[in-house]
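Working notes, structure below.
The values are calculated or read from the model by the stated rules, or taken from the named source; none is laboratory data. Please read these numbers as outputs of a predicted model, since none were measured by experiment. Here the Cβ positions follow ideal geometry from the backbone for every residue, glycine too, while neighbour counts run over all protein chains shown.
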Amino acid sequence: MARLFDGGSGNRVREGPGLARVINLPRRIWTDEEADQLTTQLTEVLRTAYGTMTLRPIQAVALYEIGTLGGLFGPMRVGAGKTLISLLAPAVAFSKRPLLLIPAKLAGKTERDQRALGRHWLLPPYVRVMTYEWLGRVQAAEALAAYYPDLIIADECHKLKNLKAAVTRRVRRYFVEHPETRMVAMSGTVTKRSLKDYAHIIQWCLKDGRPLPEKFKEVELWADALDERKGQVRRAHPGALITLCNEEEKDLWVKGEPRRAARQAYRRRLVDTPMVIATRETPIDASLSVEAVEVPVEPATDDAFEALRRDWVTPDGWPISDGIAMFRHARELGLGFYYVWDPRPPAYWLAARSDWCAYVRQVLSRSRTLDSELAVAQALRQGRNDEIGLALLDAWHDVRKDFEPNTVPRWVDDSVLKFCVKWMRRNNGIVWTEHTHFARMLSKLSGVPYYGRKGLNDDKQAIEDHSPTEPLIASIQSNGEGRNLQNWSLNLVTSFPPNGAMVEQLLGRTHRDGQEADEVGVQVIMTCAEHVGAIWQAHSDSQYVEDSTGSPQKLMVADIEAPTADQLAFTKKGARWHK
């Protein structure tokens with residue numbers, strides 16, 4: 001067992017200068033009385049003469065450390081007041097050229113927040129606002145250098161976690177060229193499953209004061225020891241991280257849970273570090289329930305799932321190349337529809353595609369390192385010794401441009417649509433959707449408006465302006481973060497995201513400060529194994545985030561009623577619930 005845990009190579013975190021530096025970093029010591037006193041003082045300084053709002057203690061401490069220490073890394077829960085911190089940060093930091101980075105879908109909301117909060121607070125009028133999406137475009141390559149910001153405020157900073165994304169590369173390049181630049185970075189979902197999601201961000205914010213090793217290889221080793229890794233057994237041992245543990249955590253370590261003990265110790269080291277402000281209190285008074293609801297479907301859906309599982313083809317015979325595509329198609333089919341190509345592809349084109357997909361599936365079933373069709377193709381081009389595979393790839397590439405797919409949705413079953421229509425007639429709530437086609441069909445059948453891109457409906461009305469006495473349909477992608485939708489307390493999720501960070505944001509739209517209901521209810525459509533598995537994958541992610549950052553996760557306080565994979569009921573054909 002020891003060798004399995006150690007990765008079979010004795011790989012473990014060891015003592016050294018990197019760990020010693022982290023251990024010796026100062027820790028923040030604030031009493032509740034001191035925080036309350038600071039809150040009163042800063043409210044008086046930052047509020048307008050006719051303002052009536054008051055800072056929260058966590059906002060006051062955050063603004064104080066921005067002003068005195070120069071930066072902030074904020075893994076703060078959804079609804080903790082990050083918007084006001086981001087708008088007041090330039091004032092307390094005495095910034096001359098502040099830059100606020102936001103997601104494009106929140107541009108309209110940010111403008112409304114600035115107008116509303118400007119009546120109460122002395123907001124600097126000279127803040128430049130850019131969206132992550134725009135900054136990642138080709139024409140914005142030199143935008144940061146041209147503006148030359150002395151303070152970058154990254155709201156929803158998880159948008160910068162991907163080091164390969166153009167926007168992240170540009171921000172990183174700017175900090176390399178201008179390391180004196182200060183940064184405020186906040187998000188309710190700062191990490192998904194790895195501390196590498198934010199290691200570079202916390203470096204920009206805290207510089208040498210970050211509670212992580214300076215060397216990249218050491219950061220990778222810590223991540224291998226602490227991260228949430230689905231299905232991975234061969235892991236680095238936390239080893240010397242036991243020196244971060246208190247007595248309670250050491251006891252947990254000795255009882256056989258060293259990784260969880262190390263996560264909790266690292267969490268304390270992280271959140272006690274000056275310029276790191278993390279929420280630790282219970283989110284809100286309202287309780288939260290997540291309930292999986294099985295919707296009966298037509299026999300046609302079972303037939304389609306049988307072909308999907310057995311033959312790896314969509315209902316129209318289109319071959320599926322890998323597990324990622326299988327997951328996507330199953331979630332679509334579970335709602336009663338799939339996509340076909342109109343016109344149909346030529347026979348020679350489809351044959352080349354089918355042969356290549358079959359090869360990809362075979363490789364992925366055996367490989368421990370390749371995880372997608374693209375990865376297989378790259379391996380072949382980079383010298384993988386497989387003449388057959390290379391020939392199939394060449395044959396496919398020779399013809400793939402001969403046909404341009406035009407996808408058209410086809411319905412197999414309207415059971416889920418009917419269920420959602422009836423649900424909205426009985427409940428004043430939000431139906432959350434992953435698929436635009438499903439959402440528009442549901443809107444057509446029910447007469448309920450759908451709020452998609454930028455949080456707007458077809459009449460260009462904002463989702464925040466929707467009547468709180470009426471149900472609505474909302475895109476998860478466009479409205480699942482940053483929206484204040486606490487006027488509703490009932491939710492129906494048609495496709496639960498298999499991602500703890502995304503779920504935390506989604507649940508935080510209604511389960512947030514200002515919610516007046518005693519309970520926020522979330523019902524989750526369940527028609528296939530992928531729908532149910534998503535709940536427990538998100539739950540696993542949330543456990544990791546709570547253990548490693550100390551930020552309470554909504555799924556960890558929710559009352560969850562959902563079957564596990566072992567409890568799934570099988571249809572007569574064993575199709576929809578195939579494991």
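Among the residues that make up the stretch 481-502, is at least one of them touching a Leu at 6+ places or on another chain (Cβ under 7 Å), under 16 Å from E291 (Cβ atoms) and either at pLDDT below 85 or not small (G, A, S) (or both)? Yes, the stretch 481-502 has at least one match.
With respect to the conditions (1) more than 26 Å from F73 (Cβ to Cβ); (2) among the charged types (D, E, K, R); (3) in contact (Cβ under 8 Å) with a residue 60 or more places away in the chain, D513 lacks only one, and its number is (1). Of all residues in the stretch 320-355, those satisfying the criterion of being under 11 Å from E530 (Cβ atoms) and either basic (K, R) or assigned to a helix (DSSP H, G or I) (or both) are G323, M326, F327, R328, H329, A330, R331, E332, L333. Being at pLDDT 90 or above, within 26 Å of L195 (Cα to Cα) and of a type outside the set (F, W, Y) is a property that does not hold for L555.
Based on what the data block shows, is T189 within 21 Å of N499 (Cα to Cα) and outside the structural domain of Q264 (by TED's automatic domain parsing)? Taking the combined requirement at face value, the residue satisfies it. Consider the stretch 194-246 and keep the residues that are β-branched (V, I, T) and over 17 Å from L160 (Cβ atoms). The one that is farthest from the chain's Cα centre (by Cα) is T243.
As a summary of the residue check, L206 satisfies the conditions (1) surrounded by 15 or more Cβ atoms within 10 Å (Cβ to Cβ); (2) not assigned by TED's automatic domain parsing to the domain that holds A60 except for the one numbered (2). Contact map, the stretch 495-510: residues that are in the same structural domain as N428 (by TED's automatic domain parsing) and surrounded by 24 or more Cβ atoms within 10 Å (Cβ to Cβ) paired with residues that are part of a loop (DSSP other than H, G, I, E, B) and of a type in the set (K, R), Cβ distance under 8 Å, separation 6+ or inter-chain. Pairs shown: G500/K192; G500/R193; A501/K192; G508/R77; R509/R483. Of everything in the stretch 303-318, what is farther than 15 Å from T407 by Cα, touching a helix residue (DSSP H, G or I) at 6+ places or on another chain (Cβ under 8 Å) and of a type outside the set (V, I, T)? Give them in sequence order. Result: A304, F305, L308, W312. Restricting R353, R263, R328 to those that are closer than 30 Å to L72 by Cβ, out of contact with any strand residue (DSSP E or B) (no Cβ under 6 Å at 6 or more places or on another chain) and not hydrophobic (A, V, I, L, M, F, W, C) reduces the list to R263. Only a single criterion out of (1) at pLDDT 90 or above; (2) over 26 Å from T314 (Cβ atoms) is not satisfied by W396, namely (2). Scanning the stretch 464-507 for residues that are of a type in the set (V, I, T) and farther than 20 Å from F337 by Cα turns up T469, V503.
Of all residues in the stretch 17-54, those satisfying the criterion of being part of a loop (DSSP other than H, G, I, E, B), in contact (Cβ under 8 Å) with a residue 60 or more places away in the chain and out of contact with any helix residue (DSSP H, G or I) (no Cβ under 7 Å at 6 or more places or on another chain) are P26, R27, R28, T48, Y50, G51, T52, M53.
Note on the stretch 406-476: enclosed strands (runs of 3 or more DSSP E) holding 1 or more residues that are in contact with a Phe, Trp or Tyr (Cβ under 6 Å, 6 or more places away or on another chain), in the same structural domain as L506 (by TED's automatic domain parsing) and within 22 Å of Q505 (Cβ to Cβ) are 430-433, 472-475. Checking each residue in the stretch 16-37 for being closer than 17 Å to W222 by Cα and more than 31 Å from the chain's Cα centre (by Cα) picks out G16, P17, A20. Of all residues in the stretch 227-284, exactly one satisfies the criterion of being part of a loop (DSSP other than H, G, I, E, B), at pLDDT 90 or above and among the hydroxyl-bearing types (S, T, Y), namely T273. Reported count of residues in the stretch 55-77, each being touching a helix residue (DSSP H, G or I) at 6+ places or on another chain (Cβ under 6 Å) and crowded, with 22+ Cβ neighbours inside 10 Å, is 11.
Give the stretch 120-166 a look and list any residue that's on the phi > 0 side of the Ramachandran plot and surrounded by fewer than 17 Cβ atoms within 10 Å (Cβ to Cβ), or say none.
Of everything in the stretch 120-166, just one residue is on the phi > 0 side of the Ramachandran plot and surrounded by fewer than 17 Cβ atoms within 10 Å (Cβ to Cβ), namely Y148.
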